[in-house]
Amino acid sequence: MSYRIYSVKEIAKLEKRRFREEEGVFLVEGKKIVHEAIAAKAQIHQIVASDKFIREQKQFLEENHIDQKFITVIAEHNAQRLADTETPQGIFAVIKKPTLQLGEVLENNIIVAIDNIRDPGNLGTIMRTADWFGVKGLVVSRESVDIYNDKVIRASMGSLFHLQLFVSDSLPEDSREIKAAGFTLVVTRPETSSTFQPNKQQKVCLVLGNESLGTSEEIDQLADVTYAIPKYGQAESLNVAVSFGIILSQLKSAM
């Protein structure tokens, strides 16, 4: 299968969400993420590498079965231009966005819904944490930071390629479909004292809300369970990604 080859100028535009959505592709950077994409059999349109990388990283290319004749070779200054990191490694991949329907996500017993999370580091860490606990299905609201944002990808440490990611144009509407599919909708609120102990046959959708505002009023009205992590000290709040790891650990141990 042949794919369109992008110029350096066009690849640089992939920094913008609008261009990523228009083209249906996204950019990843660095040896680890490129390796993860290859290992996960992602649909790679184009491998881009600096002439310096090709000279110095022949072993990486061989181990990942990257044929040099299919690499778009760029100058070192262009690698600097494309990079989001301070010390770029000099290798990039343009990857086709996977197409996924909500119904595919609903085949899992535990899924996560992301309601307007804006910080890319938080979303990437949530992806990585979900991957650690074997939770594959994530439903991400359109209002959240783009799942293909370069900082999200970097924070996910390659877990992006191990998950089923569905971007929801209307999370309340899709939450109704999730509930209709038999899922218990669980939202987290620090002010509540409720606990939640699912049974092994129960299907659970854990909703994570905005860093400052929490879950939206519409989602709260749809929720079956409101849950809080017990507080023992004086901290005002927990980071959303940290909270997610704690709750997911508790859920997985019970299911």
Checklist entry - If you bin the C-alpha pair distances of the chain every 5 Å from 0, what whole percents do you get? => result 1, 6, 13, 17, 17, 14, 10, 9, 7, 5, 3, 0, 0
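Sorting check: for 218-227, 28-37, which peptide has the highest mean count of neighbouring beta carbons within 10 Å, and how do the rest follow?
Values: 218-227: 16.1, 28-37: 20.0.
Descending packing order for the listed peptides: 28-37, 218-227.
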Item to check | R0 of 22 Å, Cβ-Cβ distance Lys69-Lys96: FRET efficiency to nearest 0.05 | outcome: 0.55
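Per residue of the chain, what 222 nm ellipticity follows from adding -39500 (n - 2.57) for every DSSP H run with n ≥ 4, rounded to the nearest 500?
Details: 12 runs with 96 residues, N = 255.
Computed ellipticity for the chain at 222 nm equals -10000 deg cm²/dmol.
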Checklist entry - Roughly speaking, what % of Cα-Cα pairs in region 103-244 are separated by over 20 Å, rounded to a whole number? => result 43
Checklist entry - Given the chain, what percent of its DSSP beta bridges are antiparallel, to the nearest 5? => result 30
Checklist outcome for this item: So the angle from the long Cα axis of helix 240-254 to the longest Cα principal axis of the chain, reported in degrees to the nearest 10, equals 70
Next on the checklist: Between Asn122, Asn199, Asn149, where does the largest GNM mean-square fluctuation fall for the chain, given springs only between Cα atoms within less than 10 Å?
Outcome noted: Asn199
Checklist entry - What's the angle, to the nearest 10 degrees (0 to 90), between helix 120-132's Cα axis and the longest principal axis of the chain? => result 80
Item to check | Packing rank of 153-165, 80-92, where each peptide gets the mean count of other beta carbons within 10 Å, highest leading | outcome: 153-165, 80-92
Checklist outcome for this item: Taking Cα atoms, the helix 171-180 axis meets the longest principal axis of the chain at an angle in degrees (rounded to 10) of 60
Checklist entry - So if we plug the beta-carbon distance of Lys252 and Ala181 into 1/(1 + (r/R0)^6) with R0 = 30 Å, what FRET efficiency do we get, rounded to 0.05? => result 0.90
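What GluC sites (Glu not before Pro) does region 101-198 have in DSSP loop regions with at most 10 other beta carbons within 10 Å?
Working: sites: Glu104, Glu107, Glu143, Glu173, Glu177, Glu191; in loops: Glu107, Glu143, Glu191.
Loop-located and lightly packed - Glu191.
Bear in mind these aren't lab numbers, they're just calculated from the coordinates by the rules spelled out. Worth saying up front: this structure is predicted, and the values here are computed from it rather than measured. As a convention, Cβ positions derive from the backbone with ideal geometry for all residues, glycine included, and neighbour counts pool all protein chains shown.
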